[in-house]
Structure formats: structure tokens, C-alpha cells
Amino acid sequence: MKARILSVVGARPNYMKVAPLHRAFARYADRVEHLIVHTGQHYDAEMSDVFFADLEMPQPAVFLGVGSGTHAQQTARIMLAFEPVCMQLRPQLVIVVGDVNSTIACALTAVKMGIPVAHVEAGLRSFDRTMPEEINRVATDAIADYFFVTEPSGVENLRREGALPERIFLVGNTMIDSLLFALPKAKASRLRERLGLRPREYVVVTLHRPSNVDNPEQLRQLLQILGELAEWREVVFPAHPRTRQAIERFGLQRLVEPLRLLPPLSYVEFIALVLEADFVLTDSGGIQEETTYLGIPCLTLRTTTERPITCQMGTNQLVPPQPEALRRALAALRNGERKRGQVPPLWDGHAAERIAQIVVQHCLRLSVE
Ligand code: UD1
């Protein structure tokens, strides 16, 4: 009988981490059945379906359809829906990725049923417990059995928190596996031309963290500064549904008039725009890594990052989300100050292959020839 593995996706940043794993497990198809479970945390076509197409992922084997809600509602609904799936499918391993509510919900469900859990992108810490993702990271790593880590800080954090060293594997970054997979399609995309943008004369902006978009005064100030930026660079702003709803709720529509507000883009479209941007302004986690790999300057509108290597080695720079700090950082870029960086070790497009081999050999104890 084949060993069965369930990998969980829920929200937009999860698909890029699981797609390369699915391809990597195909190499062991005679011994391993790898199934994708989609919790339905993100459900709009542009937040979910287009990513499956871009990443050439098969449709999920199981779709839980939980949708949005408060943190407790969403987490609880995912647990209630995932438990019977585990009962029925009896996997030998559950793989969770990243730091979204689906990650902790499925990890907790599985470990309580005695099913081992592997966490991909383990050990990252912002040390800011006001971020829902930090709670998800800390809680998932407290209960997971195997830890696949993208950067050395993750190994240090896990060791300090008492994880067994022989269960920690520094393997590189599956997000970068997907980036390399999508790069040829992104380079062939004509989206930039269709939008009438000239290379290096526009900035890509993404904002969706509750701390930046759920507070009307904070969001108003940020949009105001983006309006100032639009005086010397086109500002392309693919807006997350949460952000778009906040702009309407707080009556800030006038402030986005100078900006090119777009619906959420597909993965390939987004990478295509980043590739030729002058710089990126974001509060995302994964975009800090993508820009570091691509060598595009990135201003991250946060006081902390769980991905410190992107600042130490890469092109990322933290900017506290306060008007003066942001204006200063933008003025420096306008003066031509550009942070150059290097690609972190093991971010080479082969992280998922390393994970699959370790899972098969070490976690499932199957032979690998
Ligand atoms: C979630 C993750 C965050 C990740 C982000 C990427 C958690 C705690 N947060 O945040 O770490 O960076 O995904 O996008 O898991 N909505 C839609 N359509 C959808 C999904 C959401 O309209 O397909 C709207 C709903 O109004 C929902 C809101 O967006 O209430 C927020 O969605 P939610 O899944 O709660 O969190 P995100 O902000 O997307």
C-alpha cells in the first residue's frame, strides 16, 4: 500500500509553497500518494483558482469550503471540516505550509489524531504577537513533528524553542521554486504593455495587513503618501479584497484616484509586473522573498520581519508604517539610492525536491534509490 500524504492549502500565499511539493512527490508516485486539501479560506476565483492554473497544480482532492469569518470561527470551521477528512483518508503525514489560519487549524487537528505533521516554512518569527500570523507560526511549531526551514534564523528560533535538532531541516524556499517555475511565463506576459507602463517607471504596491488597512487613519495616511508617490512614478496597486473593502468602508475612494487600482492579479501577472518595476512597496511576507530573489528593491511597511535574511542579504528594507519614515524612504529611492542584494543560500529552485526526499526517507522511512 502507498503511504498517503495530505498537503493543506487555504489562502493565496499557500499555493506557491505546495505546487512544487506536488511535483516533487510525483517522483515517488510508486510509494507515495500526495493529495492536496483546500480549506477554502480564500475562495474568490482571483484569490484561488487562477493560482492553480498558473502553477499547473491539479484540482484539490478535497475542498472544505469554509470561507471567511472571525479568526475563531474560521479556525474552528477548518478543524471541524478537516477532522472527518483525516478519519476517512488516514494519512501517514499531514504537511502544512506558511502561517495562515488553515496552517494552525489543520496542524492541531492532525496531531490530536496522532498523525505526524510537517511544517514547511517553519521557524520564522517576527516576535510581534499582535500579528495573527505570528501566533499561527509559534503555535504550529510548538506541535509539529518535522520542520522544513527557509533561512538560518528559522533554525535558531526552533532550537531556542526546544525543537529536536534532528527534526529541523534547512532546505531552502519552495516559494522560490515556484518563482523559477513561473518566470518564463512571467517574462512572456504582455501585461505591462497592456497597462501602458514603461519599465522601471512604475512601482508595485500591495497592502493587506490588518495593522495597515483596518485602521481608517492609518490607511488614509498611507494612501495619501501613495498619491504623492504617483507624482513621479505610476503606482500600480493590485488590491486585496480586504483592502478594497476597507477603502470603501472608510470612504477613501478619492485618495485612490491617482493610483492604478487593479483587482488581485494572477501569480504570473503579478511576477511579470514586479520584474520590471522600479521598486515594490508592500506589507506582505512572501513578496519580501520574491523581490530579494529578483534583485528588485523592496520597502516593507512593517516594523518587524519574520524573514530577516531578506534585509541582511537581500534587497528588502523595513520602513515603519509612519508617514515621515515612509516619506524619507521614498525620497531616498527618488535620489537613486538602491539597495543591492544577494540570493540567500539554497534558494535555488530545488527546495521541494529536498523536502520530498527527506519526507520519504526520514518521515515515512521508505527507501530512496
Ligand atoms: C490571509 C492570511 C494572511 C495572508 C493573506 C494573503 C490569516 C490569519 N491571514 O489574510 O497571513 O497574508 O491571507 O492573502 O490566515 N476575502 C474575499 N475573498 C477571498 C478571501 C477573503 O473577499 O477569497 C475577504 C473577506 O472579506 C475576508 C477578508 O478578505 O473577511 C480577509 O480574509 P482572511 O482569509 O480572513 O484573511 P486575509 O486578510 O486574506
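Laboratory data are not the source of any read-out in this text; all were calculated from the coordinates shown. This structure is a prediction, so every number in the text was calculated from the model and none was measured. All Cβ positions, even for glycine, are placed from backbone atoms using ideal geometry, and neighbour counts span all protein chains on display.
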- Item | Listed peptides 116-128, 325-337, 75-87, 254-266 by packing density, highest first (mean Cβ within 10 Å) | 116-128, 75-87, 254-266, 325-337
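Using helices alone, what [θ] at 222 nm do you get for the chain, with -39,500 (n - 2.57) per DSSP H run of 4 or more residues, divided over all residues and rounded to the nearest 500?
Theoretical 222 nm ellipticity from helices: -12500 deg cm²/dmol.
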- Using alpha-carbon pairs under 8 Å, 6+ residues apart, how would you state the relative contact order of the chain in percent? 16 percent
- Message: Spelling out what I want: for every residue of the stretch 287-297, take phi, set θ = phi - 60°, compute 6.51 cos²θ - 1.76 cosθ + 1.60 (Karplus), and round to whole Hz; glycine and proline get x.
- Response: 5, 4, 7, 4, 5, 4, 5, 7, x, 9, x
- Pairing the Cα long axis of helix 216-229 with the longest principal axis of the chain, what angle in degrees results, from 0 to 90 and rounded to the nearest 10? 60 degrees
- How big is the C-alpha Rg of the chain next to the rule-of-thumb value 2.2 N^0.38 Å, as a ratio? 0.97
- Note on the structure: Binned at 5 Å starting from 0, the alpha-carbon pair-distance distribution of the stretch 50-136 in whole percents comes out as 2, 13, 21, 23, 22, 15, 5, 1
- Message: Connecting C-alpha atoms closer than 10 Å in a GNM of the chain, tell me which of 185, 112, 17 has the biggest fluctuation.
- Response: 112
- Which angle between 0 and 90 degrees, to the nearest 10, do you get for helix 71-89 versus the longest principal axis of the chain when only C-alpha atoms count? 30 degrees
- Message: If the reach is capped at under 19 angstrom between alpha carbons, list the lysines near residue 17, excluding any in the same chain fewer than eight residues apart.
- Response: 185
- Choice from 139, 188, 26 with maximal GNM fluctuation in the chain (Cα, 10 Å cutoff): 188
